[in-house]
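In what follows, a structure is listed as structure tokens, so that the remarks can point back to it.
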Amino acid sequence: MFEKLNLLIPFGNFIRNKSIQNFLFLAIIQSSNVLISIISMPLLIQSIGVDQFGLVNLALSVIILLNILVGFGYNLSAPREVAILQGNKEALSHVVSNVFSGKVLLAALAAFMILIGVFGLNLFEGYQMILVFSVLLLFSEATLPLWFFQGMEKMKLVSIANIFSKLLFLMGIVLFIHSPEQSKWVNFLMGFFGLGINLLLLAYIHSFLGIQFYRPEFSAIWKSLKDNSLLFLSNLASHISINGGLIILSFFSVAETLGMYSLAERVIMVLRMFPALIIQAIFPSASRLFKENQTAFYVFLKRVYFRVLGIGAIISTSAYFSAPFIIKVLSRSELEESVIYLQILSIVPFLACLNIGNITIMLVSDLKQLLFRASWMMCAYMVTVSLILTSMLGAIGLCLAIASTEIVVFLICLVLLYRHNRTLVHGFYS
């Protein structure tokens with residue numbers, strides 16, 4: 001994989017470049033998360049059954065959605081502040097203290113919303129206790145110092161810590177999860193080990209990097225929340241569009257169907273990471289070329305684009321034909337419905353690759369407002385079409401809605417770019 005990325009990014013000293021090191025360690029974190037997730041799937045299905053596996057994933061989907069609130073754009077804005085203030089320990093300490101305080105407060109708000117929903121409004125019927133025990137994941141997200149190490153350009157330690165916490169989670173599943181009644185502990189274990197490792201990282205930041213933790217400055221926290229609101233809303237819209245399908249399906253299907261769909265969805269979400277990682281990889285070089293020589297930028301982006309489309313086509317084709325084998329390996333049983341869902345969704349990685357050019361142009365041109373509009377238009381389409389098709393066709397309808405969303409967002413971005421700046425569109429597509 002890295003050899004392919006090296007061909008796609010034409011600049012020297014690949015490994016020694018700190019920006020590229022950041023990307024590589026981020027890729028390692030994502031890869032380890034994916035690997036542990038894949039390993040845990042057959043273990044969980046065997047231990048708690050397909051129906052409880054679906055409910056655990058449904059609760060996790062709710063938590064991940066609320067984690068967008070906990071993150072509130074800090075994961076994009078905070079690394080820049082940390083990078084700027086690396087040499088000023090006093091100012092950096094105040095920033096770090098305020099970011100952590102803000103995220104913990106948001107986690108407490110999200111946890112309160114879940115408790116009110118469960119015990120006050122009797123929502124989330126069927127998986128209420130699983131969701132309540134999953135609340136610890138909110139505080140694990142709040143205390144994750146990934147943004148700090150990214151800004152400091154010291155990603156090695158946090159990458160190792162992330163892998164270690166996931167291995168502890170896997171060990172916890174093997175040792176403690178043996179029956180469907182224990183399904184409520186699955187997400188709890190993930191949050192428990194994640195929070196524990198994060199607290200050790202915070203101790204390291206304080207003891208070895210000289211960062212002091214001060215009382216929260218609420219005026220500074222409020223200002224950062226206002227500054228990050230657009231990033232938060234864009235992230236929220238994108239997340240709902242890509243990962244909200246399972247929540248929508250829960251309104252129309254039983255737990256067993258949720259389990260079989262979530263199995264196929266997890267596989268596709270892993271494969272869909274490919275275009276996102278490519279954008280992260282080419283972004284620094286693309287930004288430099290766009291600023292210095294736009295002709296060279298378009299040549300570079302076209303070369304990357306067509307190669308990525310080819311690889312995306314191979315990934316989607318391979319996923320389609322190997323779907324029965326993938327499902328059998330992960331579930332250790334014959335789940336024909338999961339195979340059908342995976343085969344329908346197999347086109348998603350290729351369709352997601354279509355939009356790499358448009359997204360890269362928006363990013364290098366600093367068209368945040370345009371990206372914000374595209375995200376929410378995509379979200380509105382996905383939710384509307386998913387509700388209609390899922391109510392009519394069940395999980396198959398949801399699969400069709402998700403696949404069509406990738407096509408629609410490509411067209412939305414293309415039209416918005418064309419209306420905003422036709423020169424950008426002609427430069428790339430001509």
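The values are calculated or read from the model by the stated rules, or taken from the named source; none is laboratory data. Keep in mind the model is a prediction, meaning the values are calculated, not measured. Don't worry about glycine lacking a Cβ; one is built from the backbone with ideal geometry, like all the others, and counts go over all protein chains shown. SASA here: full protein model, heavy atoms, side chains in, ligands and nucleic acids out. Shrake-Rupley method; radii C 1.70, N 1.55, O 1.52, S 1.80 Å.
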- Message: Keeping all protein chains in the complex and leaving out DNA, RNA and ligands, what accessible area do you get for D366 with a 1.4 Å probe, in Å² to the nearest 10?
- Response: 100 Å²
- Message: Cross-link candidates for K156: which lysines have Cα within less than 19 Å, leaving aside residues fewer than 8 places away along the same chain?
- Response: K18, K166
- Rounded to the nearest 0.05, what FRET efficiency do N88 and V415 give with R0 = 56 Å and r taken as the Cβ-Cβ distance? Could you check? 0.80
- Counting pairs of alpha carbon atoms under 8 Å apart in space and at least six apart in sequence, what relative contact order in percent does the chain give? 21 percent
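Starting from the Cα gyration tensor of the stretch 156-297, take the square roots of the eigenvalues, sort them a ≥ b ≥ c, and report rounded, prolate or oblate (rounded when a/c is under 1.5, otherwise prolate if a/b is larger than b/c, else oblate).
Oblate.
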- Query: In whole Å, what is the distance between the alpha-carbon centres of the stretch 411-430 and the stretch 110-132?
  - Reply: 45 Å
- Task: Just order 251-257, 333-339, 212-218 by mean Cβ neighbour count inside 10 Å, highest at the front, would you?
- Result: 333-339, 251-257, 212-218
- Message: For the ranges 299-305, 266-272, what's the packing order if you count other beta-carbon atoms within 10 Å of each residue, average per peptide, and put the highest first?
- Response: 266-272, 299-305
- Note on the structure: Heads up, the stretch 346-392 by the C-alpha gyration tensor (a ≥ b ≥ c square roots of eigenvalues; a/c under 1.5 rounded, else a/b over b/c prolate, else oblate) looks oblate
- Solvent-accessible area per residue for the stretch 42-113 (1.4 angstrom probe, square angstrom): 36 Å²
- Message: Explain nothing, just compute: Karplus ³J(HN,Hα) = 6.51 cos²θ - 1.76 cosθ + 1.60, θ = phi - 60°, for every residue of the stretch 180-196 in order, whole Hz, x for Gly and Pro.
- Response: x, 5, 8, 4, 5, 8, 4, 5, 4, 4, 4, x, 4, 5, x, 5, x
- Please list, or write none, the aspartates and glutamates whose alpha carbon is within less than 15 Å of the alpha carbon of K89, excluding same-chain residues fewer than 8 places away. E81
- Message: For the pair F164/A220, report the inter-label distance in nm, with labels modelled 7 Å from Cα in the Cβ direction.
- Response: 2.9 nm
- Let me have the 222 nm mean residue ellipticity of the chain computed from DSSP H runs of 4+ only, each contributing -39500 (n - 2.57), with the sum over all residues rounded to the nearest 500. -28000 deg cm²/dmol
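Just the number, please: Stokes-Einstein D of the chain in µm²/s, Kirkwood Rh from C-alpha pairs, 37 °C, 0.692 mPa s.
Numbers: Rh = 22.7 Å.
In µm²/s, the coefficient is 144.
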- Item | Residue of I84, I356, I247 that the Gaussian network model of the chain assigns the largest fluctuation, springs spanning Cα pairs under 10 Å | I84
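Run the numbers for N122 and T317: contour at 0.36 nm per residue of separation, minus the present Cα-Cα distance, in nm.
Length difference between fully extended and current span is 65.8 nm.
Please list 418-425, 96-103 highest first by mean number of surrounding beta-carbon atoms within 10 Å per residue.
Result, highest mean first: 96-103, 418-425.
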- Item | Mean Cα-pair separation over length for the stretch 33-127, i.e. relative contact order, pairs under 8 Å, 6 or more apart, % | 31 percent
- Item | Potential extension, F176-K156 segment - 0.36 nm per residue separation minus Cα distance | 4.2 nm
- Note on the structure: Here the stretch 361-370 yields Karplus 3J(HN,Hα) values (6.51, -1.76, 1.60; θ = phi - 60°; whole Hz; Gly and Pro given as x) of 4, 4, 5, 5, 8, 6, 8, 5, 4, 5
- Note on the structure: About its Cα centre, the stretch 335-430 carries a charge dipole, from +1 on Lys and Arg Cβ atoms and -1 on Asp and Glu Cβ atoms, whose size in debye to the nearest 20 is 480 debye
- In Hz, Karplus ³J(HN,Hα) per residue of the stretch 137-142 (6.51, -1.76, 1.60; θ = phi - 60°; x = Gly, Pro): 5, 5, 7, 5, 5, 5
- The answer for the stretch 253-372, accessible area per residue at 1.4 Å probe in Å², is 43 Å²
- Accessible surface of W376 in the full protein assembly, 1.4 angstrom probe, to the nearest 10 Å²? 90 Å²
- Label model pair S287, H206: point-to-point distance (7 angstrom along the Cα→beta-carbon line) in nm is 3.3 nm
- Is the shape of the stretch 254-367 rounded, prolate or oblate, going by the alpha carbon gyration tensor and its root eigenvalues a ≥ b ≥ c, with a/c under 1.5 for rounded and a/b larger than b/c for prolate? prolate
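Gain in length, N33 to R303, computed as 0.36 nm per residue apart minus the alpha-carbon separation, to one decimal in nm?
Working: separation 270, 0.36 × 270 = 97.20 nm, distance 3.02 nm.
Residue separation times 0.36 nm, minus the Cα-Cα distance, leaves 94.2 nm.
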